[in-house]
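Each remark here refers to the structure printed beneath this line.
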Amino acid sequence: MHANKIKVLVADDSQVTRLLLVQLLGSDPGIQVIGVVNDGQAALDFLDASGNHPDVVLMDIHMPRMDGFEATRRIMETWPVPVVICSATADPRELAVTFRAMEAGAVACVAKPVGLGPDYQPLLQNLLQTVRLMSGVKVVRRWNRSRVLPAVPHPNGAANSPVAAPNIRLIGIGASTGGPPVLQTILSGLPKDFPVPLLIVQHIAPGFLPGMVDWLSQTTGLRVHIAAHGAIPLPGHAYVAPDDFHLAADARGHLVLAREDPESGLRPAVSYLFRSLADSYGASAVGVLLTGMGKDGAAELQRMKARGAYTIAQDRDSSIVHGMPGAAIELGAATQVLPADKIAGALIARAAGRLPFAGEIES
C-alpha cells in the first residue's frame, strides 16, 4: 500500500491511552506515529505547523478545549486527511459525538483496545488494519444529501412510460468500512412514509451499534431500530442486525436472528441476509451493497439478481473502500451501479413500481 511507513497523528486527552496507542501502533513495522496531542485544538495546531503531514489522524471523541467532532469538521475544511475515531464506546456522549464526527467526514470508527480481556487481540488487529486501510483514502468524500434522484431518467432525457415491477416487500442493505455516513445519506433521502421496510447489516465494532442507530433515527426521516427476533418489519422503518447475530427474513415476513457460524469470519454477515432475501422473496426484494472491504454479500447479491431481484452496488468514486461492491460488480451482480447520493432516488422509483431503462443497466 505504501512504500514508506504510514504516518499517524494520535489525539487523545488521556496520557495513559496516548502511551498505549503509541505502543500498539508501533507494534506494526509499517506504521509510524509522528505526533501525539491531547485535544482537538492541538491536532489542528499540529497540522497547521507541521511540514510532515500524517496519512491518518487517530482521534478520541470526548476531549477538553475541542472535541473529536469539531476537530474532525475543521480538519475536513482545512487539512483534509483520513480521520479514524478511536473511542472507548462506554460513554453515551462519546457514541453520539462519534457518529456526528462520521457525518462531518471521519472515515471509520474503532474501539480502543484497552485491558487484556478476550477482545483485546481482535480489537488490536482491527485498529491496525483500519489504520492501514484508511491511509490509502487520499480524498475524503462528502455527499450532498440534497441531490435525490426522484426517478430513473431516460438516457436521452425523453419522457417515458414506467415499466411495471413486482410489488417490493423488503429491501436489504449491506455495508462495512465507510458505511454509516452512506446509510445516513440513503435514509435521509427516503420519505417518512416510504412504503417498504429496510433490513441492514453494517459491520461495526462491538458497542458502537446503539449509538449508530440513535444517530440514524435522529438525523433521518425513518425510524431505525436494532432488529428483534420474530418482529414483523414495518414500512418506513429500518432494522439493523445486532452485534454478533445474523439477520434474515423468513417467508412469513418475520425477522430472524441467528447465532449460526460466522460467514467469512463475520457475524452478522451481509451474505446471510441477502441469501434469505433471494430464497424467500426473489423478485419482490431489493439488494443494495455499499462500501466495505472484502467480498461479503457479493455472491449473494448475484443470487438475488438471478432470482429476479433489483440490485444496486455503490460506485467506486463514492465508496471509501470499494471491496464489497467492486466484487459484486465483477460478478455481474448489480442491476445498477450508483453513487451514494443516487441510491435513495432509485429505491423510491423501484418501490413505486418503476424499473430502470435497459440503457442504464450495468451487467
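What angle do you read, to the nearest 10 degrees and between 0 and 90, between the alpha-carbon axis of helix 68-78 and the longest principal axis of the chain?
90 degrees
For the range 258-363, what are Rg and Dmax over the alpha carbons, in angstrom?
Cα radius of gyration and Dmax of the range 258-363 are 13.1, 42 Å respectively.
Can you give the angle from 0 to 90° between the axis of helix 15-26 and the longest principal axis of the chain, with both taken from C-alpha atoms, to the nearest 10?
Long axis of 15-26 versus the principal axis of the chain: about 70 degrees.
Counting only residues 5 or more places away or on other chains, whose amide H sits under 5 Å from the amide H of Lys7 once H atoms are built in the peptide plane?
Hits under the 5 Å cutoff: Gln32, Asp55, Val56.
Keeping all protein chains in the complex and leaving out DNA, RNA and ligands, what accessible area do you get for Arg303 with a 1.4 Å probe, in Å² to the nearest 10?
In the full protein context, Arg303 sits at about 90 Å².
Quick check: the angle from helix 92-104's long axis to the longest principal axis of the chain, C-alpha only, nearest 10 degrees?
In the chain, helix 92-104 runs at an angle near 70 degrees to the longest axis.
In nm, what is the difference between 0.36 nm times the number of residues separating Lys192 and Ala88 and their Cα-Cα distance?
34.1 nm
Connecting C-alpha atoms closer than 10 Å in a GNM of the chain, tell me which of Pro233, Pro64, Pro210 has the biggest fluctuation.
Maximum fluctuation in the GNM of the chain, among the listed residues, is at Pro64.
Might you work out the accessible area of Glu77 for me, using a 1.4 Å probe with all protein chains in place, and round it to the nearest 10 Å²?
120 Å²
Of all beta bridges DSSP finds with both residues in the chain, what is the antiparallel percent, to the nearest 5?
10 percent
With springs only between Cα atoms under 10 Å, which of Gly323, Gly174, Gly308 fluctuates most in a Gaussian network model of the chain?
Result: Gly308 has the largest fluctuation of those listed.
Tell me the carbon and sulfur percent of the accessible area for the chain, rounded to whole percent, probe radius 1.4 Å.
Numbers: 7710 of 14670 Å².
Summing carbon and sulfur atoms, their accessible area is 53 percent of the total for the chain.
How many times 2.2 N^0.38 Å is the alpha carbon radius of gyration of the chain?
Here the answer is 0.99, to two decimals.
Among Pro122, Pro54, Pro82, which one shows the highest mean-square fluctuation when the chain is modelled as a Gaussian network with alpha-carbon springs under 10 Å?
Pro122
Please work out the average accessible area per residue across the chain, using the 1.4 Å probe convention, and give it in Å².
Result: 40 Å² of accessible area for each residue.
So if R0 is 41 Å, what FRET efficiency would Asp279 and Gln121 give, r being the distance between their Cβ atoms, rounded to the nearest 0.05?
Working from the Cβ atoms, E equals 0.70.
The values are calculated or read from the model by the stated rules, or taken from the named source; none is laboratory data. Everything numeric here is computed off the predicted structure, so don't read it as measured data. Quick reminder, even Gly has a Cβ in these numbers, built from the backbone with ideal geometry, and neighbours come from all protein chains shown. All accessible areas refer to the heavy atoms of the entire protein, side chains included, with ligands and DNA or RNA removed. Shrake-Rupley method; radii C 1.70, N 1.55, O 1.52, S 1.80 Å.
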